[in-house]
Every structure is written in C-alpha cells, then in structure tokens.
Amino acid sequence: MLRFPPLTALTKFLLLLLFGMYLAAIIAENWLGVPAFALLSLDAVHPGLQTLWQPLTYAFAWPTDTQHLFGMLLTLLFLWWMVPPFEQSFGRPRTIQLLVATSLSAALLALVTGQFFSSAAPLYGASSALLGLIAAFSWAFRHRGKMSFFGVLPMKPVHIIYLAMGFSVLIFLIDKDFVHLMADLGAMGGGVLFAEWMSAPRKPKKPGPRRKGGPNLHVIDGGDGPRWIN
C-alpha cells in the first residue's frame, strides 16, 4: 500500500516555502511584469553579477506557465516522500546541510559545464536537492538490506541511485541538455559524498589545557569538616 511518511516540521516549512515562492513568482511575473524567473534561475552559460545569488536561489525558481505546474507539484510530492525519512534517521541539521550542499554541488558542476556550451536552459527547481537527497539516503543505507521504493517495491539502495541516474540520462536523451545532466550528476555525487562524510569516524576532542604548576584541581565547598581538595 502506498504510504506517505509523517509530515515533519522541516518538511512542512520546506513545502510551504517552495510553494509560497512559486505563488510570489507567478504574481510578480504574470501580473507585475517583474522577471522573477530570470532573476532566480541559474544561467550556467552566461555567468555575471547574477551568479552571486543564483546558485542559492535557483531552487526556488519555477516557470510560471501552466505547462510546468504539474512538474512543480510532483517535485513537492517527492520531497514529502524523501525529506522526513532522512530527517528521522540523521536529524534536522544534517538534512538542512544536505539540501544546501547538494543544491550547491549541482550549481557548481552546471556552471563549469556551461562554459563549454553556447546555450542551455536555465537551471531551476528543487529537483537537484531531491536527487541529492535520494542519493545520500540510499548510499548511507547501502549495507542494510533492501529499501522500500515508494513503499511498495523492495530494491537494493544502490539500485535506487542507478534508477535516478537512468532517469536523468533519459531526460538528457530527450532534451539534449548536457548542462542539466551534469547538474543532476553533481547533485547525486554531492549526496554520496555527504553520506560518506556523515559516516566518517570523528576524531575525539583533545582535552583542555592543564593548569601550569601542578595537577588541575579544584575545591568543593560543603560540610562542617575540613575542606578537601579534589
């Protein structure tokens, strides 16, 4: 049976933020004449002043025509599917860090690849963060048996990564946009690296400096008898 995970506070905030930004862009673009999509989406082929903020804002950009409405809602649906399990497994701070890191890794690889092409569609939407999330979650659990894909189809975790990569390649074969393909691979690669970073053993903290001239001692007050140094 197809089941949705619980809607955590972070997931709710993320969905409301993305949909709220989408509604604001619709009003700005279609009613006020402000080019919101061009300002927020990432132009990887022609870097300029806008490149200072677009790697951070492209995840909130979405075309404001009716043809892209379903794709935007589908992305939100998949985020609802993927964010809560990761947050419940690794915590809210790590989830936020992952979403930011994979969005930036996708933008970086898109910008590097874009310099070898004369044209490419702008990078937009939260799909890069979603792909990074899928890759990180699957890679982190690659040694723990099978995972339930969509709650109904058991699969090995690495096979889910292969499936996501295959879907990106299929889209590339349709639209011939190599920059977008590299952005997808950058997001998934960033997710795998993030999962590796999370699982890496942490070095124990070094003890604080000891007081010169003798052992690090302190006095404990209390009682009517003599004060013992401990």
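The values are calculated or read from the model by the stated rules, or taken from the named source; none is laboratory data. Fair warning: this is a prediction, and the values are worked out from it, not measured in the lab. Positions of Cβ are backbone-derived with ideal geometry, glycine not excepted, and every protein chain shown enters the neighbour counts. Heavy atoms of the whole protein, side chains included, go into the accessibility calculation; ligands, DNA and RNA do not. Shrake-Rupley method; radii C 1.70, N 1.55, O 1.52, S 1.80 Å.
Of all the accessible heavy-atom surface of the stretch 54-187, with the other protein chains kept in place and a 1.4 Å probe, what percent is carbon and sulfur?
71 percent
Please give the per residue volume of the convex hull enclosing the alpha carbon atoms of the stretch 42-186, rounded to a whole number of Å³.
It comes to 116 Å³ per residue, whole-number rounded.
Quick one: net charge around H159, please, counting Lys, Arg +1 and Asp, Glu -1 for every other residue with C-beta under 13 Å from its C-beta.
With Lys, Arg at +1 and Asp, Glu at -1, the neighbours total +3.
Any idea what the dipole of the stretch 1-131 comes to, in debye rounded to 20, about its Cα centre with Lys/Arg Cβ at +1 and Asp/Glu Cβ at -1?
420 debye
Any idea of the accessible area per residue across the stretch 109-185, 1.4 Å probe, to the nearest Å²?
54 Å²
If packing is taken as the mean number of other Cβ atoms within 10 Å per residue, what is the order of 4-12, 86-94, highest first?
With the highest mean Cβ count within 10 Å placed first, the list reads 86-94, 4-12.
Stretched out fully, how many nm does the piece from A24 to S199 gain, at 0.36 nm a residue minus the Cα gap?
Taking 0.36 nm per residue and subtracting the Cα distance, the gain is 59.1 nm.
How big is the stretch 5-50 by the Kirkwood estimate over distinct Cα pairs, in Å?
With all distinct Cα pairs of the stretch 5-50 included, I get 12.5 Å.
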